[in-house]
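The structure that follows is given in the form of structure tokens.
The values are calculated or read from the model by the stated rules, or taken from the named source; none is laboratory data. If you're wondering where the values come from, they're calculated on a predicted model, not measured in any experiment. Positions of Cβ are backbone-derived with ideal geometry, glycine not excepted, and every protein chain shown enters the neighbour counts. For the accessible areas, the whole protein counts, side chains as well, though only heavy atoms, and no ligand, DNA or RNA atoms are used. Shrake-Rupley method; radii C 1.70, N 1.55, O 1.52, S 1.80 Å.
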Amino acid sequence: MRKEDSLIKAITIDEDIAKISVMEVPDKPGIAFNLFSSIANEGIKIESITQNVNRSQVNDITFTVPTDEFEKAFKITSDFAIEVGATKVLYDKGVAKLSVIGSGMVASTQVASRVFKALYEKGVNIQMISTSEVKISCVIEKDKAKEALKQIYKEFEVE
């Protein structure tokens, strides 16, 4: 067993999420605060957040929420987009979050590389990535989540 293999403690899938993207949000202080405080004030749990690279003074912000809170989050986000002049709000209910959990995940670059390799081998497109010291999470297509999970188990030979 390779050193990276012993770092893996669990591999999970959360198929109970939806992804919301706000396109071309003005790049100025307070934008993320305004959006996410409005969502938090409604008690909606935010799973993952990604803000894309600034281009021409705008960014795209994408986040996930539990599916049972999607409608409320989408309404808040749509109202926010109109208020700040964002171009549109997109959503996808056909996503899942696949997480590889262990200790020292970020310290070993080979773990991330092997996770991404396993997804590539199954033709799974990664829509969002988030990492921490103990977890690598990828938002992927829900209909490919179970095959992706099996492939990662195979890659790391996890029992």
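Kindly provide the set of residues from the stretch 19-49 that are under 14 Å from the mean Cα position of the chain (by Cα) and either more than 22 Å from residue 98 (Cβ to Cβ) or surrounded by fewer than 17 Cβ atoms within 10 Å (Cβ to Cβ) (or both), ordered by number.
Selection gives 45, 46, 49.
Being farther than 18 Å from residue 65 by Cα, open to solvent by 10 Å² or more (accessible area, probe 1.4 Å) and modelled with pLDDT of 95 or more is true for just one of 89, 124. Which residue is that?
Answer to the selection: 124.
If residue 133 meets every condition in (1) open to solvent by 50 Å² or more (accessible area, probe 1.4 Å); (2) part of a helix (DSSP H, G or I); (3) over 18 Å from residue 14 (Cβ atoms) apart from one, which number is that one?
Just one mismatch for residue 133, condition (2).
If you don't mind, there's one more thing I want to ask. Being closer than 23 Å to residue 13 by Cα, among the basic types (Lys, Arg) and in contact (Cβ under 8 Å) with a residue 40 or more places away in the chain narrows it down to one residue among 97, 88; which is it?
97
Kindly provide the set of residues from the stretch 50-85 that are within 20 Å of residue 137 (Cβ to Cβ), open to solvent by less than 80 Å² (accessible area, probe 1.4 Å), free of Cβ contacts under 8 Å to residues at least 60 places away in the same chain and in a strand (DSSP E or B), ordered by number.
Hits for the stretch 50-85 are 60, 61, 63, 65, 66.
Listed here are the residues, each with its yes/no results for (1) of a type in the set (Gly, Ala, Ser); (2) touching an Asp or Glu at 6+ places or on another chain (Cβ under 8 Å); (3) modelled with pLDDT of 90 or more.
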| site | (1), (2), (3) |
| --- | --- |
| 1 | no, yes, no |
| 4 | no, no, no |
| 11 | no, no, yes |
| 14 | no, yes, yes |
| 26 | no, no, yes |
| 32 | yes, no, yes |
| 37 | yes, no, yes |
| 43 | yes, no, yes |
| 53 | no, no, no |
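Exactly one of (1) at pLDDT below 90; (2) open to solvent by 30 Å² or more (accessible area, probe 1.4 Å); (3) in contact with a helix residue (DSSP H, G or I) (Cβ under 9 Å, 6 or more places away or on another chain); (4) closer than 20 Å to residue 12 by Cα is unmet by residue 107. Its number?
The number of the failed condition is (4).
Can I ask one more? Considering only residues of the stretch 127-159 that are touching an Asp or Glu at 6+ places or on another chain (Cβ under 8 Å) and of a type in the set (A, V, I, L, M), which is modelled with the lowest pLDDT?
Among residues in the stretch 127-159 that are touching an Asp or Glu at 6+ places or on another chain (Cβ under 8 Å) and of a type in the set (A, V, I, L, M), the one modelled with the lowest pLDDT is 158.
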